[in-house]
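Novice: Structure provided below as structure tokens; questions to follow.
The values are calculated or read from the model by the stated rules, or taken from the named source; none is laboratory data. Everything numeric in this text was worked out from a predicted model, so none of it was measured. Here the Cβ is made from the backbone with ideal geometry for all residues, glycine too, and neighbour counts use every protein chain on show. SASA here: full protein model, heavy atoms, side chains in, ligands and nucleic acids out. Shrake-Rupley method; radii C 1.70, N 1.55, O 1.52, S 1.80 Å.
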Amino acid sequence: MDAPRPVTGPDPQLTFEELGTPLHAATFVVLDLETTGGPPAGPDPADADPLAAPRPDAITEIGAVKVRGGEILGEYATLVDPGMAVPPQIVALTGITTAMVRDAPRLEAVLPGFLEFCAGAVVVAHNAPFDVGHLRAACRRHGSVWPRPPVVCTARLARKVLTRDEAPSCRLSALAGLFRAGTRPVHRALADARATVDVLHGLLERVGGQGVRSLEDLLALQVETTPAQRGKRHLADAVPHAAGVYLFRGPADEVLYVGTSNDLRRRVRSYFTGSEKRARVKEMVGLAERVDWVECAHALEAEVRELRLLAGHTPRYNRRSRYPHRGWWVALTDEPFPRWSVVRTPRDDAVGPFGRRPDAVRAVEALADASRLRPCTQRIPARGGRGSPCALHDLGRCGAPCAGLQSAEAYSPAVAGALALLHGRSDDGLVALREKVASLAARERFDDAATHRDRLAELAGALARVQRLSAVARAEELVAARPDGGGGWEFAVVRHGRLAAAGTARRGVPPMPVVDALVATAETVRPGAGPLYGAPPEEVGVVTRWLERPGTRMVRTTTPWAVPAQGAGSWSGWVTRARDAGRGSSGPVAAGEAARGPRVPAGPADRRPRRRPREPP
């Protein structure tokens, strides 16, 4: 791994790209709306045609001015027919009467053209939540897509920049007088928008003295930040615009927080703005003394490096992935009459990992039903025990090897069935559990049916996960490539589920020499124990998701990468519907109906030939 590069102060020479979007190069559309009064609202679902219903929040006029670098590029102004009479108090305030808007275009005709006028620009308004809220509601009502532009509110910005002595009031008329606007606001859309342009320019002159030079700085200034956040913005000054991993370090050089991003500089800068709302992270920023980073070839390498750094440093302000090898596994015991047990260390024939021990215990219960292995915990010698049969023997669910009534040879078919279920050679055990759910529901034992349904869904999901990940971990070496979107390739060398090397071949660079160099210099990986060959499950999961993304191509592999056809992965649709049914159930009746009804269909058995017929959905 490359040595992290420390950041101790501002870089004296910053490029325009590093500075963000300069304010003089940003295009602003300063707008104002006049309405019939009231806050914006969506359509009334009770109305067959919401446009035909009188609305207290309809738009009557739109005015906007497009500016860049202090130069006016264009103006937009139109009256809008609100489809209702203008209230008298609004007529008195704005001078817009019902007669004036009667022949004006409706909002659905005006909206597309106005959105096109605003395209690619920063939207500015005085009390922007009101104006932008109306436009967003209009887009919802009329089927247009709100483009989610950056928004600047001059009222909020004025409260940040001006003192109470300078501006006792932040109303538009007061600020227009303070900045000697060329147009007096008169509650008409275009006039008010022109006045807001002058207010915006006056505020930009003020914020320039506070070190605000880019659009990103301006947007960040609007939101609340702590003094510690504002005072440490220089920590991001030398971080590059590149994919990679960043590390916040504290006073004792300890790692406080680790993260990853496709744009390191932009992500690190966000920690020093009001967009960061997490209290713990704000506390971390207050302790941080410097930021290190590691540039990566592409996003997969960044994700893997993040996981490894989290495991190596266990930073206290990260909540996830700090202990990758912690977890619970379900495995067969090594004895003449094997049984399922919960263990900490994965074995070759294991299911997991489970984050909590109770989840693993439920998987043991489901596996015992699915595989017909004994559920008791006593150790039984090879020639059988001399105990007394339990109630499970009387119910036909156990051959009672503890009492010497079943030999190891007679017990072995159950072990073979358990291994076949585990390795995906057969899903008969899952089918048997599903039939049990249907039987309980048919007898109107809805609570029991829902319990067994949820247990089956958890088991099928765990089996599918380990079968899917072990298919990647089994390969001694796997080389894959993905298009980088610019005519080049991203490469990954995977050995036993771990990322051993990563690189890129830009457009015009022959890819195979790059692949050969990556393979020659890749990390040596020695396989370990367990179904994932000792690899951390989270890392194998990240690598597998990258490999499964559309567009990924296999360059070479020592072992065919394939998941078993009769594995639990083919139950993914059933598992999803079962979990949806569990979340949607309320009470025993609903749970039972979900277990037996079409919300939990028969499963993947209906999509391929079987040795015996299965029940319909």
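Novice: Using r as the Cβ-Cβ distance of Arg507 and Arg556, and R0 as 22 Å, what FRET efficiency do you calculate, to the nearest 0.05?
Specialist: That pair, Arg507 with Arg556, gives E of 0.45.
Novice: Let me ask something else. Segment 117-150 to segment 169-221: how many Å between their Cα centroids?
Specialist: So the separation of the two Cα centres works out to 19 Å.
Novice: If r is the Cβ-Cβ distance from Glu476 to Arg280 and R0 is 51 Å, what FRET efficiency results, to the nearest 0.05?
Specialist: 0.75
Novice: Hey, another quick one. What are the ³J(HN,Hα) couplings of segment 471-484, residue after residue, when phi is run through the Karplus curve with 6.51, -1.76, 1.60 and θ = phi - 60°? Round to Hz, x for glycine and proline.
Specialist: Values, residue by residue: 5, 7, 5, 5, 6, 5, 8, 9, 10, 10, 9, 9, x, 8 Hz.
Novice: Order these peptides, 285-296, 158-169, 427-438, by their mean beta-carbon neighbour count within 10 angstrom, highest first.
Specialist: Per-residue Cβ counts within 10 Å, averaged per peptide and sorted highest first, yield 427-438, 285-296, 158-169.
Novice: Sticking with this one: Given the whole protein assembly as supplied and a 1.4 Å probe, what does the accessible area of Cys402 come to in Å², nearest 10?
Specialist: 20 Å²
Novice: Let me check I've understood the local charge: for Thr377, count other residues with C-beta under 14 angstrom from its C-beta, Lys and Arg +1, Asp and Glu -1. What total comes out?
Specialist: Result for the neighbourhood of Thr377: +1.
Novice: A further question on this structure: Given a 1.4 angstrom probe, I'd like the percentage of the accessible area of segment 343-483 that is carbon and sulfur, rounded to a whole number.
Specialist: In segment 343-483, the share of accessible area belonging to carbon and sulfur is 50 percent.
Novice: Let me ask another. Hey, can you find the accessible area per residue of segment 470-556 for me, probe 1.4 Å, expressed in square angstrom?
Specialist: That works out to 45 Å² for each residue.
Novice: Another question about this same structure. Pop a pseudo-label 7 angstrom from the Cα along the beta-carbon direction at both Asp516 and Glu295 and give the gap in nm to one decimal.
Specialist: 2.7 nm
Novice: At what distance in nm do the modelled label points of Glu435 and Ala529 sit from each other, each positioned 7 Å from its Cα along Cα→Cβ?
Specialist: Reported label-point gap for Glu435 and Ala529 is 3.7 nm.
Novice: Determine the gain in length on full extension of the stretch Glu409-Arg267; use 0.36 nm per residue of separation and subtract their C-alpha separation, reporting nm with one decimal.
Specialist: Computed gain between Glu409 and Arg267 is 45.0 nm.
Novice: How far apart, in nm, are the 7 Å Cα→Cβ label points at His241 and Asp348?
Specialist: 5.3 nm
Novice: Another one. Give the accessible surface of segment 299-428 per residue, rounded to a whole number of Å², with probe radius 1.4 Å and ligands, DNA and RNA excluded.
Specialist: Using a 1.4 Å probe on heavy atoms only, each residue of segment 299-428 averages 51 Å².
Novice: What Kirkwood hydrodynamic radius do you get for segment 445-569 when you take the inverse of the mean 1/r over all pairs of distinct Cα atoms, in Å?
Specialist: The Cα-based Kirkwood calculation yields 16.0 Å.
Novice: Taking amide H positions as placed in the peptide plane 1.01 Å from N, state which residues far from His241 in sequence (5 or more) or on other chains have amide H under 5 Å from it.
Specialist: Arg265
Novice: Sticking with this structure for a sec: Taking R0 as 45 Å, what FRET efficiency do you get between Arg159 and Glu335 from their Cβ-Cβ distance, rounded to the nearest 0.05?
Specialist: The value I calculate is 0.05.
Novice: Quick one: how many Å² of Tyr533 are accessible to a 1.4 Å probe, rounded to 10?
Specialist: Taking all protein chains as shown, Tyr533 has close to 70 Å².
Novice: Kirkwood hydrodynamic radius, computed over distinct alpha-carbon pairs, for segment 139-220: how many Å, to one decimal?
Specialist: 14.0 Å
Novice: Which whole-Hz couplings ³J(HN,Hα) result when phi for each residue of segment 105-122 is put into the Karplus expression 6.51 cos²θ - 1.76 cosθ + 1.60, θ = phi - 60°, listed in order with x for Gly and Pro?
Specialist: Per residue, the Karplus-derived 3J(HN,Hα) values read x, 6, 4, 5, 7, 7, 4, x, x, 5, 4, 5, 4, 8, 4, x, 10, 8 Hz.
Novice: On to the next question. What is the set of long-range amide H partners of Asp484 at a cut-off below 5 Å, with H atoms built 1.01 Å from backbone N?
Specialist: Trp489, Glu490
Novice: What Kirkwood hydrodynamic radius do you get for segment 521-588 when you take the inverse of the mean 1/r over all pairs of distinct Cα atoms, in Å?
Specialist: Taking the inverse mean of 1/r over all distinct Cα pairs, segment 521-588 comes out at 15.7 Å.
Novice: Can you list the residues, at least 5 places off or on another chain, whose amide H is less than 5 Å from the amide H of Phe354, using H built in the peptide plane?
Specialist: Correct list: Trp328, Trp329.
Novice: If I histogram all Cα-Cα distances within segment 455-526 using bins 5 Å wide from 0, what percent of pairs lands in each bin?
Specialist: Each 5 Å bin holds this share of Cα pairs: 3, 16, 20, 16, 14, 11, 9, 5, 3, 1, 0.
Novice: Give me the number: length gained by fully extending Asp447 to Ser572, i.e. 0.36 nm times residue separation minus the C-alpha to C-alpha distance, one decimal in nm.
Specialist: 42.7 nm
Novice: Keeping the other protein chains in place, figure out the carbon and sulfur percent of the accessible area of segment 92-154, with a 1.4 Å probe.
Specialist: 55 percent
Novice: Further question on the same structure: Probe of 1.4 angstrom, ligands and nucleic acids ignored: what's the accessible area per residue over segment 141-251, in square angstrom?
Specialist: Counting only protein heavy atoms, the per-residue value for segment 141-251 is 47 Å².
Novice: Which order, highest average first, do 522-530, 335-343 follow once you tally other Cβ atoms within 10 Å for each residue and take the mean per peptide?
Specialist: 335-343, 522-530
Novice: Something else now. With point charges of +1 on the Cβ of Lys and Arg and -1 on the Cβ of Asp and Glu, referenced to the Cα centre of segment 47-182, which listed residue (Phe117, Gly70, Pro105) lies farthest in the positive direction of the dipole?
Specialist: My answer, from the dipole projection, is Gly70.
Novice: Taking square-rooted eigenvalues a ≥ b ≥ c of the alpha carbon gyration tensor, is segment 396-510 rounded, prolate or oblate, where a/c under 1.5 means rounded and, failing that, a/b exceeding b/c means prolate?
Specialist: Oblate shape, in that a/c is at least 1.5 and b/c is the bigger or equal ratio.
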